[in-house]
Each structure stands twice: as structure tokens, then as C-alpha cells.
Amino acid sequence: MAEIIVVTSGKGGVGKTTTSASLACGLARRGKKTAVIDFDVGLRNLDLIMGCERRVVYDFVNVTQGEATLRQALIKDKRFDNLFVLAASQTRDKDALNRDGVEKVLKELDADGFDYVVCDSPAGIEKGAYLAMYFADQAVVVVNPEVSSVRDSDRIIGLLDSKTRRAEAGEPVKSHLLLTRYNPARVESGEMLSVTDVEEVLGLKTIGVIPESGDVLNASNKGEPVILDMESGAGQAYDDAVARIAGEERPMRFVQLEKKGFFSKLFGG
């Protein structure tokens with residue numbers, strides 16, 4: 001059975017699409033047949049970050065409405081033979097998706113032998129976000145360590161616990177916390193919430209901490225998910241998160257302020 005992972009948040013602009021792209025690439029790099037689907041009808045960004053925007057012919061809505069087959073709409077990634085992208089529509093209304101259509105696509109991906117399906121959710125609690133989470137087995141809740149982002153994510157966690165297929169069956173979605181744009185110096189100065197603060201408020205365990213870094217934007221602008229840049233802290237942090245999803249134990253990095261050594265202090269490094 002394909003494992004369905006929804007990447008969601010309450011607040012926009014926290015890094016959901018970057019996270020979806022990186023998780024999908026990381027799973028494919030581990031040999032897992034993976035599809036990543038953009039549920040953000042009307043705003044389509046996943047194909048840009050995946051670097052396949054010029055190759056979109058048919059989209060998710062075309063498939064759900066029978067205007068194209070899933071095979072026609074899936075875009076095979078050029079870096080991994082086992083990674084596929086299903087883009088959102090830029091021209092349709094958000095109501096173009098429906099539960100039956102989404103279920104049909106997910107069942108077909110399962111029948112085609114996919115190991116993982118990553119669902120890139122729109123922000124908030126509107127219909128697209130509800131459909132992205134409804135069939136999920138796992139959820140990655142993306143949060144910036146600030147009060148407004150944490151508060152909005154609390155509402156999303158409530159929906160995951162009550163409005164999903166698993167919740168209806170009495171088997172809750174396995175939810176994880178992923179913190180983005182984390183800066184230990186700002187945490188220490190009181191400008192930003194700590195990992196522990198966020199975990200205590202939301203009641204979730206952290207699966208990854210992505211450091212604040214310009215590498216994320218640079219990678220997105222190049223159409224290269226940042227996880228592919230293993231020289232960057234953000235790329236390493238996403239790789240750690242994928243490993244934890246796969247069941248590995250890894251120490252949590254990028255959460256402590258690095259102490260300067262004697263020579264760094266002496267020479268101002």
C-alpha cells in the first residue's frame with residue numbers, strides 16, 4: 001500500500017512546497033517510488049520548485065475530471081527515475097477538486113506500485129487543504145517558530161484528528177512537526193520560540209528542524225529542491241527528516257547555538 005503523506009500548515013509562506021519537494025526527492029533518493037501532488041489549485045508552485053514547469057501538459061484537475069489519464073499527467077523527474085510530479089491547475093477554481101476524484105487518483109497510484117505519495121497542501125482550512133489531508137496516513141505540519149504560525153497550526157492539528165478518513169475509522173493520522181527558518185541565536189535572544197516551546201503548545205514531536213538559510217531560496221529559484229544540496233545545512237536537515245520518516249534514529253541538528261572557539265573570538269570569526 002502506498003503511504004500517503006500530507007504536508008500542511010495553518011499559515012501560508014512557511015515552506016510547505018519546499019518541504020514537499022525535498023521530502024519527495026529524499027524518499028526517491030532512498031529508492032522509494034514516489035509521487036508528489038500539488039493540491040493548490042489556481043496557484044501552482046510545486047512544478048517551479050521541482051524544475052519541471054515547462055513540461056506541464058495535463059494537471060491534477062484534468063485527471064480527476066477524466067480529461068486526461070494519470071499516465072499522461074504525471075511528469076517524470078529528470079534526476080530520479082522513480083519520482084513523479086502531478087501539477088496543480090492554474091486556470092481552474094479551487095472547487096474543481098472533489099473527494100471522489102482525489103480518491104481515484106490515489107488508488108491508481110497505489111495500483112501502479114508507488115511506495116509514497118506526498119500531498120502538497122494549500123495553507124489554511126479551505127477545501128483543497130481538507131482534500132489534501134483527508135486520505136493521509138501521515139502528516140508533516142510545517143511551522144515557523146513564531147506565535148501566529150503555531151496558533152494557526154493548532155487548528156490544522158485539530159482537523160487532522162477529527163476530519164480525516166483515519167480519524168473517522170478511529171485510527172488517527174500520525175502527525176509530525178517540522179520547524180522551518182529556525183535560528184538558535186534568535187531563540188536565545190527571545191525573538192523566536194524554541195523547539196521545546198512549539199512541541200509543548202502543539203503536542204507533536206519534531207521530525208526536522210530546518211535552519212534559516214538563503215540556500216533554500218537559491219535552490220527554489222534554480223528549480224532544485226534544497227535537499228539535493230548536501231553542502232547546505234538546510235539540505236542536510238531535510239535529509240535527516242526523511243531518514244526519520246523512514247524509521248531511522250538521527251540526532252537533531254541545527255537547534256543549538258554554536259559556541260565560538262578561542263581563535264574565532266580572537267580573530268572575529
*Looking at segment 127-169, what helices (runs of 4 or more DSSP H) fall wholly within it and have at least 3 residues that are under 18 Å from M192 (Cβ atoms), open to solvent by 10 Å² or more (accessible area, probe 1.4 Å) and not aromatic (F, W, Y)?*
147-162
*Scan segment 85-100 and report the pairs whose first residue is in a helix (DSSP H, G or I) and whose second residue is at pLDDT 95 or above, with Cβ atoms within less than 6 Å and a gap of 6+ or a chain change.*
A96/V61
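With the structure loaded, tell me whether V209 is assigned to a helix (DSSP H, G or I) and of a type outside the set (F, W, Y) or whether it fails that test.
Here the answer is no, as V209 does not meet what is asked.
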*With E168, E146 as the choices, which residue is closer than 26 Å to N98 by Cα and acidic (D, E)?*
E168
*asked:* I want to confirm something. Restricting to segment 16-41 and keeping residues that are hydrophobic (A, V, I, L, M, F, W, C) and in a helix (DSSP H, G or I), which single residue is surrounded by the most Cβ atoms within 10 Å (Cβ to Cβ)?
replied: A21
_Between a residue in segment 145-165 that is basic (K, R) and any residue that is open to solvent by less than 60 Å² (accessible area, probe 1.4 Å) and not in a helix (DSSP H, G or I), which pairs come within a Cβ distance under 6 Å, given they are 6 or more apart or on different chains?_
R155/G10; R165/F135
_Restricting to segment 216-243, and then to whatever is in contact (Cβ under 8 Å) with a residue 24 or more places away in the chain and assigned to a loop (DSSP other than H, G, I, E, B), can you tell me which residue is nearest to the chain's Cα centre (by Cα)?_
P225
*Report, by residue number, each residue of segment 58-68 that is out of contact with any Ser or Thr (no Cβ under 8 Å at 6 or more places or on another chain) and buried (at least 20 other Cβ atoms within 10 Å of the Cβ).*
T64
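Out of segment 147-192, which residues are polar (S, T, N, Q) and either touching a Cys at 6+ places or on another chain (Cβ under 9 Å) or more than 19 Å from T18 (Cα to Cα) (or both)?
Passing the criteria: S148, S162, T164, S189.
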_Between R44, R55, R71, R79, which is under 30 Å from L204 (Cβ atoms) and surrounded by fewer than 23 Cβ atoms within 10 Å (Cβ to Cβ)?_
R44
*Determine if segment 103-114 includes at least one residue that is touching a strand residue (DSSP E or B) at 6+ places or on another chain (Cβ under 9 Å), without any contact (Cβ under 8 Å) to a residue 40 or more places away in the chain and in a helix (DSSP H, G or I).*
no
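The values are calculated or read from the model by the stated rules, or taken from the named source; none is laboratory data. As the structure is a prediction and not an experimental result, all values here were calculated from the model. So basically every Cβ, Gly included, is an ideal-geometry build from the backbone, and we count neighbours across all protein chains shown. The protein model used for the area step is the full one, side chains on, heavy atoms only, and it has no ligands, DNA or RNA in it. Shrake-Rupley method; radii C 1.70, N 1.55, O 1.52, S 1.80 Å.
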